[in-house]
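Written out below as structure tokens is the structure these notes cover.
The values are calculated or read from the model by the stated rules, or taken from the named source; none is laboratory data. Not measured: the values here are computed from a predicted model. Please note: Cβ atoms are built from the backbone with ideal geometry, for glycine as well, and neighbour counts cover all protein chains shown.
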Amino acid sequence: MKRIHNNDFKLKLKEGAIKDYEKVILSQVNDIFMPMGFVSSSEGELVIYNCSGYTALRQCRVTEVLEALEILERTLILVSRAGEYLISPRRIMLTMDTIFYDRKTKQVKIAYVPLEENASTLRENMSEFITEIEAGVTGTGRTYLQDVKSEIEENNYYIQDLINVIGDIRRSAASKQIQLEEVFG
């Protein structure tokens, strides 16, 4: 996958990787996905994402667990909402390069890159994404992300249930942080 340069993220996909109806939806639903443009050629299809105002998660250097959990929760809310627009959640590639974040507004957007059919399950995709996020988190905060990953791997949750689990874990982590701040000032 190509890295982001300035405000543009370009990716060459096989012809037909993004279905025609998905292109229509993706060109209209900009509160979930980065705005996209499509250019067809004989070698495939060039997809251009307008990333203005957002930074790829890989470049954000998220080290605090509360921020990581909030980003994860917001990402899964977007993945859940994508289903409302007939974009299959299991086709959405979740990586530090396809999830974009605006630290000022705390908004998250997805650069839609379709996974190939049967490439992985949504649970595997989410678990791998959490592992990527976890690598940047410092201190004991990683245990909270490991708890989320365990919940994904051990239970067959719907996305909404998993969002609720992440919210509960995030509140628990925040409560623990507040207690520590009260003790250590």
Identify all residues within the range 67-95 that are surrounded by fewer than 18 Cβ atoms within 10 Å (Cβ to Cβ), among the aliphatic types (A, V, I, L, M) and touching an Asp or Glu at 6+ places or on another chain (Cβ under 9 Å); write none if there are none.
-> 86
Can residue 45 be described as at pLDDT below 95 and surrounded by fewer than 16 Cβ atoms within 10 Å (Cβ to Cβ)?
-> no
Apart from one, (1) free of Cβ contacts under 8 Å to residues at least 24 places away in the same chain; (2) of a type in the set (Val, Ile, Thr); (3) farther than 22 Å from residue 165 by Cα all hold for residue 113; the odd one out is (1)
Candidate set: the range 26-79, residues that are part of a strand (DSSP E or B) and of a type in the set (A, V, I, L, M); chosen: the one nearest to residue 157 (Cα to Cα) | 56
Quick check, is residue 64 under 27 Å from residue 171 (Cα atoms), modelled with pLDDT under 95 and surrounded by fewer than 17 Cβ atoms within 10 Å (Cβ to Cβ)?
-> yes
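From the list 156, 164, pick out the single residue that is at pLDDT 90 or above and over 16 Å from the mean Cα position of the chain (by Cα).
One residue alone meets the criteria, 164.
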Which numbered condition residue 59 fails, given (1) under 22 Å from residue 90 (Cβ atoms); (2) touching a residue at least 40 places away in the same chain (Cβ under 8 Å); (3) polar (S, T, N, Q) = (1)
Please give the number of the condition residue 174 fails out of (1) under 16 Å from the mean Cα position of the chain (by Cα); (2) of a type outside the set (Val, Ile, Thr); (3) assigned to a helix (DSSP H, G or I); (4) surrounded by fewer than 19 Cβ atoms within 10 Å (Cβ to Cβ).
-> (1)
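Quick one: is residue 23 part of a strand (DSSP E or B) and in contact (Cβ under 8 Å) with a residue 12 or more places away in the chain?
no
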Take the residues in the range 130-142 that are under 13 Å from residue 66 (Cβ atoms) and either part of a helix (DSSP H, G or I) or of a type in the set (A, V, I, L, M, F, W, C) (or both), then tell me which one is nearest to the chain's Cα centre (by Cα).
-> 133
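Let's see how each residue does on (1) within 29 Å of residue 31 (Cβ to Cβ); (2) modelled with pLDDT of 95 or more; (3) not small (Gly, Ala, Ser):
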site: 97; (1), (2), (3): yes, no, yes
site: 127; (1), (2), (3): yes, no, no
site: 152; (1), (2), (3): yes, no, yes
site: 180; (1), (2), (3): no, no, yes
Residue list for the range 40-95, restricted to those being polar (S, T, N, Q) and within 19 Å of residue 121 (Cβ to Cβ) = 75, 80, 88, 95
How many residues does the range 5-14 hold that are outside any strand (DSSP E or B) and modelled with pLDDT of 85 or more?
-> 1
